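Structure, as structure tokens:
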Amino acid sequence: MSLDQAVKKLKLDARLVEINLANGQLTKEEYEAYLKSLPDSAAQAAPLTLEEDKGGNQAH
């Protein structure tokens, strides 16, 4: 991966998006376009079932 590709990847890193939007390195339009370009992987998702403990509280 080239340095340019690595910088672009970090620009859209979920941990840095807010910072990059605030300092102008990423525009809202760029971010929205990126989100729209992501594939829909809902069909690959698995349901999550939380069990309750004996006291009726959800287990953590």
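Bear in mind these aren't lab numbers, they're just calculated from the coordinates by the rules spelled out. Keep in mind that this is a model prediction, so the values were computed, not measured. Backbone-built Cβ (ideal geometry, glycine too); neighbour counts: all protein chains shown.
Placing unit charges on the Cβ atoms only, positive for Lys and Arg and negative for Asp and Glu, gives the chain a dipole magnitude near 220 debye about its Cα centre. Scoring 34-41, 20-27, 3-10 by mean Cβ neighbours within 10 Å over their residues and listing the highest first yields 20-27, 3-10, 34-41. Quote the FRET efficiency, to the nearest 0.05, computed for GLU52 versus LEU12 with a Förster distance R0 of 35 Å and r equal to the Cβ-Cβ distance. FRET efficiency, GLU52 to LEU12: 0.35. Near LYS28, which lysines are there with a Cα under 17 Å away, not counting those fewer than 8 places off in the same chain? Of all the lysines, those that pass the test against LYS28 - Cα under 17 Å, at least 8 places apart if same chain - are LYS8, LYS9, LYS11, LYS36. For the chain, adding -39500 (n - 2.57) for each run of n ≥ 4 DSSP H residues and dividing by the number of residues yields -11500 deg cm²/dmol at 222 nm.
Under the rule a/c < 1.5 gives rounded, and otherwise a/b versus b/c splits prolate from oblate, where does the chain land using the Cα gyration tensor? Prolate.
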